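What follows is a single structure, and I will ask about it in a moment.
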Amino acid sequence: MAIAMGSGGAKGGGPSFVELFTPKLVTVMREGYSLDALRADALAGLTVAIVALPLSMAIAIASGTTPERGLYTAIVGGFLISALGGSRFQIGGPAGAFIVLVAACVARHGIEGLILATLLSGVMLLAIGLLRLGTFIKYIPYPVTVGFTAGIAVIIFASQLKDLLGLTLAGPEPGPFLAKLDVLKDALPTLNVPAAGLALGTIVVIAGLRRLRPGWPGMLLAIALASVAAALLELPVETIGARFGDMPRSLPAPSLPEITWAKVEAVLPDAMGFALLGAIESLLSAVVADGMTGRRHRSNCELVAQGAANIGSALFGGICATGTIARTATNVRAGARGPVAGMLHALFLMLFLLVAAPLARHIPLAALAGVLAVVAWGMVERHALAALLRTSWGDAVVVAATFLLTVLRDLTEGIVVGFTIGLLLFLDRMSQAIQVQGGRGLVADDRADDSGRDPYDPAASHATDRDTVVYRISGAFFFGSAAAVDAVLDRIGDHHRTLVLDLAGVPFVDSTAATTIAGIAARARRRAGRVVLTGTTREMRRTLVAHGVRPPLVRFKAAPEKSGG
């Protein structure tokens, strides 16, 4: 019996290293890049830059850093993600999902520790991409993604309550969610009505323009109106200039943070969290772009670009960069043709930094908090939450556990626990899906001649013999279902001399299933019986033989090998 490894195509049939990691920018240029495409990309890049400008500053402030670091991230990280990435339309920069992790890292290790963690996360993302592990990110269950995204949204909104209401705290604002709410509740008597009014007005303007004029840059217009109102009316509200001073008008010179083994050890957990979340967010964003355009991204190339972007962002004093769903979708809707749009978006932001940075000092922090409140609301996938909670108790448990742990404990803990619960539920469902059907002379399914499975031959298995019984196993035969199958077949084997197992309905067997079959065959042999296996694939036989399931313990009914292959 010849055994062959079926790992995904003929020799040389898979994509080469160069094909896997060629940036989409190169692909677009090879296809031919016209002046019309440049115009379309320039318009899309400007549109996205207008959206990214207030968001980048707001996310940086909410993350416990200064507003210019958000712009550094969008400029450097955004440019590299578009130039090197595996998606035609991905827009990179600081993301709301990182606010929780970045703020916690700053609180523990300061800005220098944050920059080092960002640098290390970039190295990790590079390694994940080059090792081609990006494919496995898709195995994170959807309920986990929905749960932790909703949890992050709640934490972001809670982090903005102080500026939304203009509260004055007696001491530093706590990081944990419940402790934060207690402190904010005690500070409610210090409510600043003008600040709360500006925040509410910002939210109303953004929501109104989205409904009435969806093509207009609602966030930028809302920020501009709030800034003009605060200045003309001389409202007693805190601005970017009052808290952070003037913004620099250029990028800083690139520099490495101080790297010591002790510091690397200290920030390593934060770096791992940045890398994990960055991989998830960027690939989700690329998938959204694919769905909107009909294109396909290169996941591992995208992760390499994300790694380079985070390294570049850290060198220029920025924070974590990743693909952002909202800005990427805006880029697609604005008519982008390729990665040049994302590169131009970064250059437009650089132009703002060079020319209009002094204007940023007049932006009220309450208005930026209003922008982030809208972002947090948009992050909650309300329809998906309702569907998951309504249709499956298992998915509801995963969503609830991930959400509560993200809000009350830690983002990474929420993802790990949610993934574990989801995996256990999946294994339970798969183990219950397996079926063992018995009878004499089962008729084989109508399968194609080149299906790769050996045919069922009732004559060869003595199906006409009254001491012979035929059983067909259907479903995934793996460690979760092996015990149930073993119990059924062991009882059957006590009463028949020959047991024929038809595995045509089994997609694969793992080591536990192979060991189970070996045990059944060994018990049959001790009773002077035998086991005949039919319907196996070559890969399945390879696994079985490796675990001792071979003649004379069992008999395979294999299809004759074709010559000239």
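Of all residues in the stretch 520-565, how many are at pLDDT 80 or above, of a type in the set (S, T, Y) and in a loop (DSSP other than H, G, I, E, B)?
The number of residues fulfilling the criteria is 1.
Just to verify a result, which residue in the stretch 237-272, among those that are at pLDDT below 90 and small (G, A, S), is nearest to R88 (Cα to Cα)?
S250
On the given criteria, is I319 crowded, with 24+ Cβ neighbours inside 10 Å and β-branched (V, I, T)?
Values: crowded, with 24+ Cβ neighbours inside 10 Å: yes; β-branched (V, I, T): yes.
Against the criterion (crowded, with 24+ Cβ neighbours inside 10 Å and β-branched (V, I, T)), I319 qualifies.
Condition check: touching a residue at least 12 places away in the same chain (Cβ under 8 Å) and either over 21 Å from the mean Cα position of the chain (by Cα) or within 18 Å of S285 (Cβ to Cβ) (or both). Does G394 satisfy that? Explain how you work it out, then say what you get.
Working: touching a residue at least 12 places away in the same chain (Cβ under 8 Å): yes; either over 21 Å from the mean Cα position of the chain (by Cα) or within 18 Å of S285 (Cβ to Cβ) (or both): no.
When the stated conditions are applied, G394 does not pass them.
Residues checked against (1) closer than 28 Å to K162 by Cα; (2) not polar (S, T, N, Q):
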position: S227; (1), (2): yes, no
position: F274; (1), (2): yes, yes
position: S282; (1), (2): no, no
position: D290; (1), (2): no, yes
position: S313; (1), (2): no, no
position: G318; (1), (2): yes, yes
position: R333; (1), (2): no, yes
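Those residues that are among the small types (G, A, S) and farther than 24 Å from V288 by Cβ, I need them from the stretch 109-162; list them, please. I'd like the intermediate steps shown before the answer.
If we filter the stretch 109-162 for residues that are among the small types (G, A, S), which is where we start, we get 110, 113, 117, 121-122, 127, 129, 134, 147, 150-151, 153, 158-159.
Answer for the stretch 109-162, where residues must be among the small types (G, A, S) and farther than 24 Å from V288 by Cβ: G110, G113, A117, A127, A158, S159.
Just to be sure, is A314 touching a residue at least 60 places away in the same chain (Cβ under 8 Å), crowded, with 24+ Cβ neighbours inside 10 Å and within 21 Å of E281 (Cα to Cα)?
Working: touching a residue at least 60 places away in the same chain (Cβ under 8 Å): yes; crowded, with 24+ Cβ neighbours inside 10 Å: yes; within 21 Å of E281 (Cα to Cα): yes.
In short, yes.
While we're on this one: Taking the stretch 339-354 as the search range and keeping residues that are of a type outside the set (A, V, I, L, M) and buried (at least 24 other Cβ atoms within 10 Å of the Cβ), which one is farthest from E234 (Cα to Cα)? So that I can check it myself, show each step before the final result.
Kept after step one, since they are of a type outside the set (A, V, I, L, M), are these residues of the stretch 339-354: 339, 342, 345, 348, 352.
Pick out the ones that are also buried (at least 24 other Cβ atoms within 10 Å of the Cβ) and you get 339, 342, 345.
Values: P339: 43, G342: 38, H345: 34 Å.
The residue in question is P339.
Does the stretch 262-277 contain any residue that is crowded, with 18+ Cβ neighbours inside 10 Å and closer than 14 Å to G85 by Cα?
Start the filter on the stretch 262-277 by keeping residues that are crowded, with 18+ Cβ neighbours inside 10 Å, which leaves 267, 270-271, 273-277.
Add one more test, that the residue is closer than 14 Å to G85 by Cα, and what stays is none.
Checked the stretch 262-277: no residue is crowded, with 18+ Cβ neighbours inside 10 Å and closer than 14 Å to G85 by Cα.
Is there any pair with a first residue in the stretch 64-88 that is not assigned by TED's automatic domain parsing to the domain that holds V106 and a second that is of a type outside the set (G, A, S) and modelled with pLDDT of 95 or more whose Cβ atoms are under 7 Å apart and which are 6 or more apart or on different chains, and what are they?
none
I'm told A58 meets every condition in (1) surrounded by fewer than 24 Cβ atoms within 10 Å (Cβ to Cβ); (2) at pLDDT below 90 except one. Can you identify the failing condition by its number?
Here A58 clears every test but (1).
Determine whether T515 is within 39 Å of the chain's Cα centre (by Cα), at pLDDT 80 or above and polar (S, T, N, Q). Let's see the steps before the verdict.
On the way: within 39 Å of the chain's Cα centre (by Cα): yes; at pLDDT 80 or above: yes; polar (S, T, N, Q): yes.
So T515 passes the test.
Output the number of residues of the stretch 233-267 satisfying the condition of being more than 30 Å from A367 (Cα to Cα), of a type outside the set (V, I, T) and in contact (Cβ under 8 Å) with a residue 12 or more places away in the chain.
First, the residues of the stretch 233-267 that are more than 30 Å from A367 (Cα to Cα): 253-267.
Keeping just the survivors that are of a type outside the set (V, I, T) gives 253-258, 261-263, 265-266.
Adding the requirement that they be in contact (Cβ under 8 Å) with a residue 12 or more places away in the chain leaves 254-258, 263, 266.
The number of residues fulfilling the criteria is 7.
Okay, moving on. On the given criteria, is L315 modelled with pLDDT under 95 and either assigned by TED's automatic domain parsing to the domain that holds V228 or closer than 30 Å to L427 by Cβ (or both)?
Values: modelled with pLDDT under 95: no; either assigned by TED's automatic domain parsing to the domain that holds V228 or closer than 30 Å to L427 by Cβ (or both): yes.
Considered against the rule, which asks whether it is modelled with pLDDT under 95 and either assigned by TED's automatic domain parsing to the domain that holds V228 or closer than 30 Å to L427 by Cβ (or both), L315 comes out as no.
Which numbered condition in (1) among the aliphatic types (A, V, I, L, M); (2) more than 29 Å from L114 (Cα to Cα); (3) surrounded by fewer than 22 Cβ atoms within 10 Å (Cβ to Cβ) is the only one that A289 fails?
Among (1) among the aliphatic types (A, V, I, L, M); (2) more than 29 Å from L114 (Cα to Cα); (3) surrounded by fewer than 22 Cβ atoms within 10 Å (Cβ to Cβ), A289 violates only (3).
What is the residue count in the stretch 26-55 for residues that are surrounded by fewer than 24 Cβ atoms within 10 Å (Cβ to Cβ) and of a type in the set (G, A, S)?
The total comes to 5.
Right, here's the next one. From A60, A103, A42, A52, which residue is assigned by TED's automatic domain parsing to the domain that holds P339, among the hydrophobic types (A, V, I, L, M, F, W, C), under 27 Å from A357 (Cβ atoms) and touching a strand residue (DSSP E or B) at 6+ places or on another chain (Cβ under 7 Å)? Steps first, answer last, please.
Values: A60 fails: touching a strand residue (DSSP E or B) at 6+ places or on another chain (Cβ under 7 Å); A103 fails: touching a strand residue (DSSP E or B) at 6+ places or on another chain (Cβ under 7 Å); A42 fails: touching a strand residue (DSSP E or B) at 6+ places or on another chain (Cβ under 7 Å).
After ruling out the rest, the residue left standing is A52.
With surrounded by fewer than 21 Cβ atoms within 10 Å (Cβ to Cβ), touching a residue at least 60 places away in the same chain (Cβ under 8 Å) and within 14 Å of P94 (Cα to Cα) as the only criterion, which of A357, A326 stands out? Walk me through it before giving the result.
Values: A357 fails: within 14 Å of P94 (Cα to Cα).
Just a single option satisfies the conditions, and that option is A326.
Something else about it: Restricting attention to the stretch 197-207, does a residue exist that is surrounded by 13 or more Cβ atoms within 10 Å (Cβ to Cβ), over 30 Å from V332 (Cβ atoms) and of a type outside the set (G, A, S)?
There is at least one residue in the stretch 197-207 that is surrounded by 13 or more Cβ atoms within 10 Å (Cβ to Cβ), over 30 Å from V332 (Cβ atoms) and of a type outside the set (G, A, S).
Do we find that V18 is modelled with pLDDT under 85, under 30 Å from L164 (Cα atoms), β-branched (V, I, T) and in a helix (DSSP H, G or I) in this structure? Even if it seems obvious, please write down each step before you answer.
On the way: modelled with pLDDT under 85: yes; under 30 Å from L164 (Cα atoms): no; β-branched (V, I, T): yes; in a helix (DSSP H, G or I): yes.
Taking the combined requirement at face value, the residue does not satisfy it.
Could you name every one of the helices (runs of 4 or more DSSP H) located completely within the stretch 123-212 that has at least 1 residues being touching a Ser or Thr at 6+ places or on another chain (Cβ under 9 Å), under 25 Å from I81 (Cβ atoms) and in the same structural domain as A226 (by TED's automatic domain parsing)? Before the answer, list the steps.
Details: elements: 142-165, 177-186, 193-212.
In the stretch 123-212, 142-165 are the helices (runs of 4 or more DSSP H) which contain 1 or more residues that are touching a Ser or Thr at 6+ places or on another chain (Cβ under 9 Å), under 25 Å from I81 (Cβ atoms) and in the same structural domain as A226 (by TED's automatic domain parsing).
The values are calculated or read from the model by the stated rules, or taken from the named source; none is laboratory data. Keep in mind that what you see is a predicted model, and the values were worked out from it rather than measured. Ideal geometry is used to build each Cβ from the backbone, glycine not excepted, and the neighbour counts take in all protein chains shown.
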